[in-house]
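Scroll down for the structure; my scribbles are underneath it.
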Amino acid sequence: MRQTTLCLGFGLLAGLGPAAALADYVVIAASGASGGYSAGTEIADDQQIDLPQGARLTLIERSGRMVTLEGLFSGTVPAPGETGESETPSTGWDALKRLVGSAEASSTVLGAARAGAGDIPPPPGVWDLSTDSSGPRCVRKGQLTLWRKQANESEKVSARSAAGRHDGIVWKEGEHRLALPEGMAMEDGRIVVSVAGELRDFELSVMPETLAGAPGGQLLGWLAEHNCRRQALALIARLHAGETAD
């Protein structure tokens, strides 16, 4: 029986007092476990959990405490230590619950099912901005890195935003990542990127400096709250595997 507790200071997901938080866990990732523990499943603090050898289950509570259980395991979620109270609203918690309970999460990184032919996996890194679709994207200030799944040929890239316009950028064959000029990621706002003539319209959210070096739980809440869903899934996958955010 093995369990690992990750106290991640998940302030964005707090909002209830300690008594309520103790009885409210949500599975955010599962591998090798039965369907009864699929992502999005809510588990009470006194609920019996049984995991076979090799299974791994990652749970989170409102306070932000993350617990990873590894099989063989039989018992209840280990009691938390001192987590403290928070006056932060629980909007991030609700966004995270919606995310991990979605079909998108179940079919990609959370181990509940194999991705189908039409499913698009999350990028390999939390800060890799996938160029296969438009939508919300989260970045660190001054760091904007595009990512593509296929890199079998060179492509011309251009980008424009309120910060300016850059044309004639070459995305070289064999390279899956492309860093854009740092001035393109200095503040929240819209950026339009053209990759081989295909336009992608991104709404950027720049990570606040208060999250620099913060525990993974705080970052996960911020990503979910800003609807950077696939980046949040990438982070969940890394945390579930015992890796860091970067």
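Some observations on this one:
- Members of the range 158-184 found to be under 19 Å from ASP132 (Cα atoms) and of a type in the set (D, E, K, R), listed by number: ARG160, LYS172, GLU173, GLU175, ARG177
- Residue match in the range 56-75 (condition: at pLDDT 85 or above, out of contact with any Pro (no Cβ under 9 Å at 6 or more places or on another chain) and not in a strand (DSSP E or B)): no
- All strands (runs of 3 or more DSSP E) inside the range 86-147 with 2 or more residues being closer than 24 Å to THR58 by Cα and either at pLDDT 75 or above or touching a Leu at 6+ places or on another chain (Cβ under 9 Å) (or both): none
- Against the numbered list (1) touching a strand residue (DSSP E or B) at 6+ places or on another chain (Cβ under 6 Å); (2) outside any strand (DSSP E or B); (3) of a type in the set (D, E, K, R), GLU203 comes up short only at (2).
- Per the conditions (1) touching a helix residue (DSSP H, G or I) at 6+ places or on another chain (Cβ under 6 Å); (2) modelled with pLDDT of 70 or more, the sole criterion not satisfied by GLU42 is (1).
- Matching residues, the range 206-235, being buried (at least 24 other Cβ atoms within 10 Å of the Cβ) and either part of a strand (DSSP E or B) or in contact with a Phe, Trp or Tyr (Cβ under 8 Å, 6 or more places away or on another chain) (or both): GLY217, LEU220, GLY221, GLN231
The values are calculated or read from the model by the stated rules, or taken from the named source; none is laboratory data. Bear in mind the structure is a predicted one, so any value in this text is a computation, not a measurement. Note that each Cβ is placed from the backbone with ideal geometry, even for glycine, and that neighbours are counted across all protein chains shown.
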